[in-house]
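S.K.: Take this structure first; my questions come after.
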Amino acid sequence: MWLSPDPVYHQVRSGPARACFRRFSDPIPKVCVMNRPPRRGPLSWTRSILPALLLAALPMSAPAGAAVGPLTPLAPLPGAAPWSAAHHSRQHRLREAESKARAGMLRQQLDQQRAPGADKAMDAYDVRFYRLVLDVNPATYILTGTTTVEAVVTAASLSQMQLDFSFQLSASAARAGGSPATLAYDAGILTIDLDRTYTAGETVSVEIDYAGNPTSSYFGWSSHGGQPLVWTLSEPYGARVWWPCKDVNTDKADSVALDVTVPSNLIVASNGVLEGVTTPAAGKSTYHWRERYPIAPYLVSITAHPYAIINDEYQTLAGGTMPVVHYVVPSELAAATVGLAPTVDMLGAFAQAFGEYPFVLEKYGHAHFTWGGGMEHQTCTSLGIGSYPEYIIAHELGHQWFGDLITCADFSHIWLNEGFATWMEAYWKEVRYGAASYHAEMAAARWMGGGTIFVENPGSFSAIFDYYLTYLKASWVPHMLRHVMGDADFFSGLQQYRAERGYASATTAQFQAVMEAACGLDLSAFFQQWIYSEYFPRYDYAWVREPAGAGWRVRLRIEQSQFNTGLFTMPLDVRIETENGPLTFVVQNDQAEQWYAFEVPSYPAGLSLDPDNWVLCEKRFQGTSDVPEAEAVVYLLGAAPNPFNPRTTVRFSLPRDLDVRLDLYDAAGRLVAVLAEAPFAAGEHGVDWDGRDRQGRAAASGTYYARLRAGGDVRTVPLTLVR
Ligand SMILES: [Zn+2]
């Protein structure tokens, strides 16, 4: 949002180009937002990610003199199980996805109601402030409300204001500039005639009176323990179901006031700070909540119940304190007190890594509602009753940075919310339990399936809240980006992302631009392949060692053998176990077949590719061998394509003229075909296999082994036939 100063508002945050304003009268000190200018420089990927131990990673375009064979027995294929047992236990997170998806069921109805051109009309103004005066009556299931909208005109002129509003409620009256105004409702849009024509820069104020029963996936008249439990869950398109608003993520109100009247046995939890409770009539209480930070409509929430309250306190980075308040059903008081206790430590951990808790002048906490899982309502997460796993507390708290402070500009970019929040679960594990725990958590979030993380149809709820793409695979994006950029650049990039997009919204492209500026790398391939494309790379790799001078040379071949998507550009860790300890190199991999050579000072006993699992991929180790120094040897160079159908070429090279026998065996060791039995001249040769056996029958899908015998050497290489 772009706003000009107005004496009614107190400026509380100054950024490089934007200013945010608060509606309320009490002075609030400025919030410090880290704003470091982006570092630019001619960094290459490799330079940025090189660990100290990088010695010599030399991509080789051709395997001059290198060999891959004879191959030791193949390692078992890495498990391609899409998710681990650990994940099956994660019903809460799944439930969050499911509940959010269910909560979106009304979208199609609402979309059908949305008038053509309504979006454009709403672009004509910029919301500053909402006031929601609500009377919540759980006995009659009637919600009575008055919503005030204050907005600055951004078009040349404005004579009508349009707002999203659902059919569940009916608006009875409107006022504009304090005068009665006519209103019309059509197809999900409320149109209010303003008292005059306003021009650009002027502030418009309208009020709408409405009432009805908003019951839906977005607003619930539930009960617990025989008492009412009223809740809201507006993500993605449900704010309009219970209050008229400009229901988009890109126009956050700078502040929201909620004055919520309930039967006096209920306690209302909501966004921001509770400024007081008044008694408007006998048997009624009004809770005055004030949210002074910018907030997207879907993050505005109320819950009401005869809650028990748990008060805790967070020590801010600046040495102050902030209330942490949990509103729990009374029967859960003891369990929730224990279960929610880690919230404070998480606040500290996340503030250290991602900048101070974004709403530190207000509060954080949870309020029980009757969904499973949680919903990251700003400063007051709604939480399912009876279960308090750390990962869900971390997830919803993580959303306060990624989702609430920086909100996906539209739900095509939901991964900026959910991918980060899911990754934050693992990050919390790292802070609390160490790096191994972080990696175990990410391993459990592996998902190997199709579909793009970018939501191509944000009108589809199941697409927005696709558990496997939006949560699991998306959590691998910050994980992988962290390794691509290196920790220093990655975390400073996130700080810059906050500085530029905080208290506003972001698209994937905006996030990419900030991260590129932070590390000086071109990340277009990274985002293209991981956000907008499908699947993952599969790396087939084999290596050979040979004496070289006083040490050893390791030659590594990596082949990208996925055939369901294009080639990936990724840095890959290569760890070589030597007699003097492990050495880790980083290679840049972006071709179907690439060779690398490494010089190591002592005997290389083993090699592993991406040993810490920084890349969402499959890996297939295809063998290793020793090459005697200065001895002419036969090389079996491999087969391409591999996997293949219907034809592949097996390549080999000979140091001199030799009689060659090239056989093909199946996995059971049965001879399938004889590919060559003849003298060959020195040099490189290719022999085709058409996927047929000796009788001319098509061989079945599976792994086969080409075995080359020449000059007393035997070399073997696996092939995969995919029918
Ligand atoms: Zn989430």
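The values are calculated or read from the model by the stated rules, or taken from the named source; none is laboratory data. Remember, it's a predicted structure, so these values are computed and weren't measured experimentally. Note that we place each Cβ from the backbone using ideal geometry, even for glycine, and neighbour counts take in every protein chain shown.
S.K.: How many residues does the stretch 285-317 contain that are in contact (Cβ under 8 Å) with a residue 40 or more places away in the chain and among the small types (Gly, Ala, Ser)?
M.R.: 3
S.K.: Moving on. Show me the strands (runs of 3 or more DSSP E) entirely contained within the stretch 630-671 in which 3 or more residues are modelled with pLDDT of 85 or more. Outline the logic, then answer.
M.R.: Details: elements: 635-640, 648-654, 658-666.
In the stretch 630-671, 648-654, 658-666 are the strands (runs of 3 or more DSSP E) which contain 3 or more residues that are modelled with pLDDT of 85 or more.
S.K.: Identify all residues within the stretch 385-405 that are in contact with a strand residue (DSSP E or B) (Cβ under 7 Å, 6 or more places away or on another chain), within 13 Å of the ligand (Cβ to nearest atom) and farther than 25 Å from ALA499 by Cα; write none if there are none.
M.R.: Scanning the stretch 385-405 gives a single hit, ILE392.
S.K.: Ok, one more. Within the bounds of the stretch 388-396, is there any residue that is crowded, with 24+ Cβ neighbours inside 10 Å and in a loop (DSSP other than H, G, I, E, B)?
M.R.: Checking the stretch 388-396: not a single residue is crowded, with 24+ Cβ neighbours inside 10 Å and in a loop (DSSP other than H, G, I, E, B).
S.K.: Mind checking which pairs have a first residue in the stretch 594-623 that is within 18 Å of PRO537 (Cα to Cα) and modelled with pLDDT under 95 and a second that is of a type in the set (Val, Ile, Thr) and not in a strand (DSSP E or B), Cβ under 6 Å, 6 or more apart or different chains?
M.R.: Close Cβ pairs (under 6 Å, with a partner that is of a type in the set (Val, Ile, Thr) and not in a strand (DSSP E or B)) do not exist here.
S.K.: Picking from THR140, THR147, which residue would you name as being assigned to a strand (DSSP E or B), out of contact with any helix residue (DSSP H, G or I) (no Cβ under 9 Å at 6 or more places or on another chain) and over 14 Å from ASP186 (Cα atoms)? Let's see the steps before the verdict.
M.R.: Working: THR140 fails: assigned to a strand (DSSP E or B).
The match here is THR147.
S.K.: Name the residues in the stretch 235-269 that are out of contact with any Phe, Trp or Tyr (no Cβ under 7 Å at 6 or more places or on another chain) and either of a type in the set (Ser, Thr, Tyr) or without any contact (Cβ under 8 Å) to a residue 40 or more places away in the chain (or both), would you?
M.R.: The answer is TYR237, THR250, THR261, SER264.
S.K.: Same structure, new question: Within the stretch 398-447, how many residues turn out to be in contact with a Phe, Trp or Tyr (Cβ under 6 Å, 6 or more places away or on another chain), surrounded by fewer than 24 Cβ atoms within 10 Å (Cβ to Cβ) and not in a helix (DSSP H, G or I)?
M.R.: Here the count works out to 1.
S.K.: Looking at the stretch 544-558, can you tell me whether even one residue there is at pLDDT 95 or above and surrounded by fewer than 19 Cβ atoms within 10 Å (Cβ to Cβ)?
M.R.: no
S.K.: Mind listing whichever residues of the stretch 372-384 are part of a loop (DSSP other than H, G, I, E, B) and either within 12 Å of the ligand (Cβ to nearest atom) or not assigned by TED's automatic domain parsing to the domain that holds ARG292 (or both)? If you could, list the steps in order and put the result at the bottom.
M.R.: Taking the stretch 372-384 as the starting set, the residues that turn out to be part of a loop (DSSP other than H, G, I, E, B) are 372-373, 376-380.
Those that are part of a loop (DSSP other than H, G, I, E, B) and either within 12 Å of the ligand (Cβ to nearest atom) or not assigned by TED's automatic domain parsing to the domain that holds ARG292 (or both): GLY373, GLU376, HIS377.
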